[in-house]
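K.L.:
If you scroll down you'll find the structure; I have some questions about it.
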């Protein structure tokens with residue numbers, strides 16, 4: 001799954017408006033306007049990639065980079081939970097030992113933003129059509145250097161977003 005696809009599905013699941021999305025991006029430290037947001041939220045079959053002048057009604061695809069996606073998730077945490085106290089910021093000088101898989105970061109940050117407990121996440125996966133237990137879920141929250149660390153597959157993200165949609169939109 002691309003970052004764009006995840007953003008489109010997450011926006012639908014949490015019922016976020018364009019202005020809320022722009023605000024979340026800005027809280028995360030990314031310059032964003034409605035035109036750029038529309039490019040990010042455009043599905044691949046709707047986009048136009050061209051060096052030629054385009055019609056104003058055509059949507060121009062904008063790739064959501066990993067950095068932009070990470071900043072969006074940080075902005076979502078601030079949007080849902082409020083800004084972090086500087087006195088509590090213990091990670092300011094923290095250097096990561098290993099690079100984490102983007103899907104694992106997504107699951108971790110969504111858990112933080114929505115204040116989800118493990119039981120809540122298991123229920124969301126169940127709503128999405130996947131039966132997962134605590135130990136299986138905990139493998140994606142471990143450090144990448146841990147011997148039981150597992151990458152979160154795209155299928156897990158799809159099922160999680162489907163369950164999130166059912167939970168928050170009552171579909």
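K.L.:
Peptides 66-75, 107-116: what's the order by average Cβ count within 10 Å, highest mean first?
P.N.:
Packing proxy ranking, top to bottom: 66-75, 107-116.
K.L.:
Another question, if that's okay. If you count, for each residue, the other Cβ atoms within 10 Å and average over each peptide, how do 17-23, 145-151, 132-138 line up from highest to lowest?
P.N.:
Going from most to least packed, we get 17-23, 132-138, 145-151.
K.L.:
Turning to a different aspect of this structure: Give me the one-decimal nm value for the distance between modelled label points at residue 154 and residue 66, 7 Å along each residue's Cα-to-Cβ direction.
P.N.:
Here the modelled spin labels are 1.6 nm apart.
K.L.:
Then there is this: Go ahead and run the numbers for FRET between residue 139 and residue 84, Cβ-Cβ distance against an R0 of 25 Å, rounding to 0.05.
P.N.:
The value I calculate is 0.40.
K.L.:
For segment 97-171, take the alpha-carbon Rg, divide it by the Kirkwood Rh, and send me Rg/Rh.
P.N.:
Ratio value, two decimals: 0.96.
Each value in this text was obtained by applying a stated rule to the coordinates, not by laboratory testing. Not measured: the values here are computed from a predicted model. All Cβ positions, even for glycine, are placed from backbone atoms using ideal geometry, and neighbour counts span all protein chains on display.
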